[in-house]
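Below is one structure, written out as structure tokens, with a few remarks after it.
Here, each number is a calculation from the coordinates, and none is a lab measurement. These numbers come from a predicted model, not from an experiment. Quick reminder, even Gly has a Cβ in these numbers, built from the backbone with ideal geometry, and neighbours come from all protein chains shown.
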Amino acid sequence: MRQNFVAGNWKMNLTLPEARALTTDIVRLLADELPGARPQLVLCPPFPLLLAVGEVLGQSGPALGAQNFHQMESGAYTGEVSAKQLHSVGCQYVILGHSERRQHFREDNALLAQKLKTALAAGLQVIFCVGESLATREADETFDFIGQQLAEGLFGLSDAEMEQVVIAYEPIWAIGTGRTASSAQAQEVHAFIRQQVAAAYDAGIAANTTILYGGSCNAQNARELFSQPDVDGGLIGGASLKARDFVDISKSF
Ligand code: PGA
């Protein structure tokens, strides 16, 4: 279902006391300032903090998400975490295809396609990230590159599986750099992504797909970005570590 949507990707930040304090502040601010209809909100802490953050969230609204998992269902994979385990501790969502995992952990489109199936089979919804590097943008190859990420990574899913996926457009040059895509740049790529979904599936599924923008999205620029017709919300890194900023972004529709 297409909906206004804000997810916080905490990456490898925060200790247990810090995570509890941040979550408590977010829940309190949301209760005070967004008591009625809200966008779908998701917090994605690191693995060791999931249970504690889930406990603080309770039934308050924001859902719990994780940042990664292993492609196999279970077994002898020392140090890894399964999608089923994430689901069993209360995760509804998981991020997949983030550029940091593609770059530092060599996750390619074929592996991501496999991981997608594992996540969906475990009952998780997936926030599937795509996005180009600065070199790719400057070479005028953004659409080809993202088209390939979608075709090879995502479009092996059935119609029903696609409904469990949120797509996030995250230009690598905008992540953690303070350099945000302009709303026109974001809209252009979001419209392209929706068009690709329509071509691979159908217009109804495309119209129902939630597409987020990520990359230096903050409380100052969120409203302008979210006002674009194909931008349904944001995947927020740095600014999701501050309760005030995360809640302000959640109010930017
Ligand atoms: P940023 O990160 O908001 O800190 O740029 C976004 C992301 O990596 O999801």
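What number, in percent, do you get for the relative contact order of the chain if the mean sequence gap of Cα pairs under 8 Å and at least 6 apart is divided by its residue count?
Relative CO of the chain lands at 22 percent.
Using θ = phi - 60° and the Karplus curve 6.51 cos²θ - 1.76 cosθ + 1.60, what whole-Hz ³J(HN,Hα) does each residue of segment 79-84 get, with Gly and Pro shown as x?
Those phi angles translate into x, 9, 10, 9, 4, 4 Hz.
Quick one: net charge of Leu22's neighbours, Cβ under 14 Å, K/R +1, D/E -1?
Surrounding charge for Leu22 is +1.
Roughly how many whole Å is it from the C-alpha centroid of segment 42-80 to that of segment 1-41?
Distance between centres, Cα-based: 15 Å.
Given the C-alpha atoms of segment 5-250, compute the convex hull and give its volume per residue in Å³.
120 Å³
For a quick protection proxy, order the peptides 177-188, 144-155, 27-38 by their average other-Cβ count within 10 Å, most packed first.
Most protected by this proxy first, the peptides run 144-155, 177-188, 27-38.
If you split all Cα-Cα distances of segment 1-87 into 10 Å bins from zero, what percentages do you get per bin, shortest first?
For segment 1-87, the pair-distance distribution reads 16, 45, 30, 9, 1.
Given Phe253, Ala186, Gly156, which one lies farthest toward the positive end of the charge dipole of the chain, if we put +1 on the Cβ of every Lys and Arg and -1 on the Cβ of every Asp and Glu?
Phe253
Counting only residues 5 or more places away or on other chains, whose amide H sits under 5 Å from the amide H of Val42 once H atoms are built in the peptide plane?
So Val42 has HN proximity to Val6, Ala7, Gly8, Ala63.
Can you tell me, using C-alpha contacts under 8 Å and at least 6 residues apart, the relative contact order of segment 77-124 as a whole percent?
Relative CO of segment 77-124 lands at 58 percent.
Name the residue, out of Asp230, Asp140, Asp159, whose mean-square fluctuation peaks in a Gaussian network model built on the chain with Cα pairs under 10 Å.
Highest fluctuation among the options: Asp140.
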